[in-house]
Structures are given as structure tokens and as C-alpha cells.
Amino acid sequence: MKTTTMTKAALAALMTTAFACSHAQAQDESATLKKIRETGAISLGVRESSVPFSYYDEQQHVIGYSQAIALKVVDEVKKELNLPDLKVREIPITSQNRIPLVQNGTIDIECGSTTHTKERDNQVAFSNSFFQYGVRMIVKKDSGVKDFGDLANKTVVTTAGTSEERLLRQMNAEKSMNMRLISAKDHAESFLNVKTGRAVAFVMDDPLLYGAKAKEANADEYLITGTSPMSEVYGCMFRKDDPGFKKLADGVIARLQTSGEAANLYQKWFTQPIPPKGINLKYPLSAEMKQLFAKPNDRALD
């Protein structure tokens, strides 16, 4: 009888411990991973014209350097949840709506061309950085514009909802440059303003300008110029307060960078001909990027 009582007590203790562990695990579970498991799908925010990061090819498939990284994260999610047939939904986004769509759960992660800033840390979370760059401008060769100081009293365009929009407003306020600013809906429309003469310069992330120029049949008519006033980084963006999902994304990016796979992806998208027209950006890996790959981190640089 005494033995039976001890067995029941031990069993009760074991069940209590198991329940406590299960409850703790449920509390620690990533909210994003839970949503993905319950819906059987992961929603990716994708860009339509951010060459070579995230853009449509001729068959309307999303391709690019950032998209390749996003799909590596998807592969890790499939393994983590043991869902090899997980559906992948690609949702087109813009610079204006990308943060609200992350916040309201429409998209789970976006690895396009979103700058990680300290201000945005108040709204969303970011993974380890996967790209570091400067800010410059594209102009017509005969514009006479060589640097940012030459933009005083001129019409300048950038894309709405970007960090460049904030930068130009700040330059206007602090340096009394009297620039007339146009905020276009996307990068393609921004460049169109320069091509049609509505604006003298399109200010944007350096690599995106190379992508825009490389697509042009008359690319030699344009010049990418200016001393970059800042250095910035891209990261994958997802909802705040989800350390489990951030750990997963950070781990994927760190492995890509330290293994050499990220450098291979970079060579493919920035130094070789890419779809849809076989353009080559001729944008070699910088010393800053090599340092980032050697020591992955999630620091905002602004």
C-alpha cells in the first residue's frame, strides 16, 4: 500500500512538471511561428522594382538578392515547424505601406530594401543586416549636378516613405537649400521624373540607383554622383516583441554570411548579368560589406 501511494505521488509530480514545462514552452513560442503553423502559410512582403534586391522578372516571378535571403528564412521556418509543404504567399508592398502591413499581420517578414533605422525600431523589429550602402543621386550627365550642394533651389525627387525623404527634408531645414521635393510612389516613378525633366535628381540608396540605371537602354546618358552623407543598412523586417522569430532570422543570415554563401549571392546579383535583360550592375563587394559578413550584427547606423 505504501508503495502504491509513493507511485501515485511520483506520477502526480511528474505530470505537474510536464504541465509546467508545456505551459512555459507555450509562453515562449514565437507568435509569428504560431500564426504560420495555424494558417499553413507564410506571407512575404516583396517589391516590384527594387533591382537587384526584390523585383519581378519577365514571368512576373519575384527574384533578387533579398528575395533569395527571404527564401532561406522560409526554408528554416519549414524545418522549425516540420512543415515541408508550407505555402508561401508573396504580397507586393510599397515604401509607404510596408510597415503598417507588418504591424497588422498582413505580411510576416519583408526582406526587400528596407533601411534599418533607430526610429523604425519603435514600430517594427529587424534581423541582422544583410546590406550596407551609401546614399547618392542619379542625374542626367548634362545637368551640371555633381554633389548634394548643387541641388539648392532645384527640384529633387525621392520615393515616398523612405529614409531619403526624411534626409532631404532635414537638409532643406538645416542648410536652407530651398529644394522643391517630389515624393514618388515607387522607385520607377522617381526615376521617370528625372528622365522626363520634372526633377534634376533622384536621391536614393546607391545600389538601387545602379539598378535603375542598368535597366535603361540609354544608360550612358545618366550619372550616379554625390558624396554620400550617411551609411545605412538593410535588414529583414518583422513584428516587434517576437524574439523567437528574430533568433531564427538572425541565425539564417549569420550562417549565410560567415559560410561564404552570402558573398556568392552577392556576386550573382551585383557583379554578373541578371534577369530580365542580362544587365550587370558592376557593383563589387565593398570593404564595409566584407566586414559585415565577417561579423554579423543588427545595428542601425543612423
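Each reported figure results from applying straightforward, stated rules to the coordinates on display, with no laboratory input. Given the structure is predicted, the values throughout are model-derived calculations rather than measurements. Every residue, glycine among them, receives a Cβ derived from its backbone with ideal geometry; neighbour counts consider all protein chains shown.
Observations, loosely collected:
- As a length-normalised measure over Cα pairs under 8 Å and 6 or more apart, the relative contact order of the chain settles at 24 percent.
- Of all aspartates and glutamates in the structure, the ones whose alpha carbon falls short of 15 Å from that of K247, not counting any fewer than 8 places away in one chain, are D28, E29, D75, E76, E80, D108, D298.
- Only Lys, Arg (+1) and Asp, Glu (-1) charged, at Cβ; the range 63-166 dipole about Cα centre in debye: 240 debye
- Put simply, the amide H of R136, placed in the peptide plane, has neighbours under 5 Å in M204, D206, leaving out anything fewer than 5 places away on its chain.
- Calculated FRET efficiency for the pair L181/E221, C-beta based, R₀ 30 Å, to 0.05: 0.80
- Total charge dipole magnitude, the chain, about the Cα centre, Cβ charges on Lys, Arg, Asp, Glu only, Debye to nearest 20: 300 debye
- Virtual spin-label span in nm between A188 and Q123, 7 Å along Cα→Cβ: 2.4 nm
- Our summary gives the range 133-231 a relative contact order of 49 percent, counting only alpha carbon pairs under 8 angstrom and 6 or more residues apart.
- Around T227: net Lys/Arg minus Asp/Glu count, Cβ-Cβ under 13 Å: -1
- Compared with the alpha-carbon gap, the fully stretched path from A287 to K34 is longer by 87.2 nm at 0.36 nm per residue.
- Calculated FRET value between I91 and K140, using beta carbons and R₀ = 35 Å, to 0.05: 0.50
- Scattering curve values for the chain, log₁₀ I(q)/I(0), Debye with Cα scatterers, q = 0.07 Å⁻¹: -0.32
- The modelled label-to-label distance for the pair Q60/K240, using points 7 Å beyond Cα in the direction of Cβ, is 3.7 nm.
- Debye, to nearest 20: dipole size of the range 133-231, +1 on Lys, Arg Cβ, -1 on Asp, Glu Cβ: 220 debye
- Spin-label model distance (nm) - D75 vs M230, 7 Å beyond Cα toward Cβ: 3.4 nm
- Close amide H partners of S231, meaning residues 5 or more places away or on another chain with modelled amide H under 5 Å apart, do not exist here.
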